[in-house]
1. Based on what the data block shows, is D39 among the acidic types (D, E) and surrounded by fewer than 18 Cβ atoms within 10 Å (Cβ to Cβ)?
2. Those residues that are at pLDDT below 80 and either under 15 Å from the mean Cα position of the chain (by Cα) or within 18 Å of S40 (Cα to Cα) (or both), I need them from the stretch 55-81; list them, please.
3. Just checking, which of E67, E101, E105 is touching a Ser or Thr at 6+ places or on another chain (Cβ under 9 Å), assigned to a strand (DSSP E or B) and of a type outside the set (F, W, Y)?
4. When E11 is evaluated against the numbered criteria (1) touching a Gly at 6+ places or on another chain (Cβ under 9 Å); (2) modelled with pLDDT of 95 or more; (3) open to solvent by 50 Å² or more (accessible area, probe 1.4 Å), which criterion, by number, is the only one it fails?
5. Can you tell me which residue is nearest to A14 (Cα to Cα) among those in the stretch 42-82 that are open to solvent by 60 Å² or more (accessible area, probe 1.4 Å) and among the aliphatic types (A, V, I, L, M)?
6. Give all pairs with beta carbons closer than 7 Å in which a residue from the stretch 106-134 that is touching a residue at least 24 places away in the same chain (Cβ under 8 Å) and of a type in the set (F, W, Y) meets a residue that is in a loop (DSSP other than H, G, I, E, B) and open to solvent by 30 Å² or more (accessible area, probe 1.4 Å); count only pairs at least 6 apart in sequence or on separate chains.
7. Counting only residues that are touching a Leu at 6+ places or on another chain (Cβ under 8 Å) and small (G, A, S), how many does the stretch 77-106 have?
8. Quick one: what pairs do we get from the stretch 69-88, first residue farther than 20 Å from L56 by Cα, second outside any strand (DSSP E or B), C-beta under 8 Å, 6+ apart or different chains?
Amino acid sequence: MSSKIVLGWREAAALPALGLAAIRAKIDTGARSSALHVDSQWRFVEAGMPWVGFELSPGALGAGRVEARALVHDERWVTDSGGHRSSRVFIRTVLSLAGIEREIEINLADRRGMRFPMLLGRTAVTGVFTVDPARSFLHGRIRRRHPRV
């Protein structure tokens, strides 16, 4: 059996193809899919393919708003932890975490009011990572631009 990389229950992740060098992520093995908070999203067609554009405020990055775009991979119904079902757009992008880069599937969701703008579900961590729920930020923290007063 190969050795897996241990993650804490929360980590700083990167989505380089989307222009996100660091974002706070909650690792949730109880969730099947991963989710990324977006403030707004819009669809368009390019070269006959469906795309989604979206805007988000990563918060701890200190970098205002980020606008990104990705090819639509799928659209499926997702049930959140409160039992509410909604149709969500799924994209595929590269996750960079703990020195590993791998392509994962992420749905775009309104996570306003949640402590973490990103949720990493079990399909994103399976096979490479294991989670120690008693630990956090084992692979670095996001540095704040302005210290808290």
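1. The answer is yes for D39.
2. Scanning the stretch 55-81 gives P58, G59, A60, L61, A63, G64.
3. Unique residue meeting the criteria: E105.
4. Every condition holds for E11 apart from (3).
5. The residue in question is L71.
6. F129/K4
7. Residues in the stretch 77-106 being touching a Leu at 6+ places or on another chain (Cβ under 8 Å) and small (G, A, S): 2 in total.
8. So the pair list comes out as V78/S33; S81/A31.
The values are calculated or read from the model by the stated rules, or taken from the named source; none is laboratory data. Since we're looking at a predicted model, the values are computed, not measured. Virtual Cβ from ideal backbone geometry, glycine too; neighbours counted across all protein chains shown. Remember, those area values only see protein heavy atoms, side chains included, never the ligands or the DNA or RNA. Shrake-Rupley method; radii C 1.70, N 1.55, O 1.52, S 1.80 Å.
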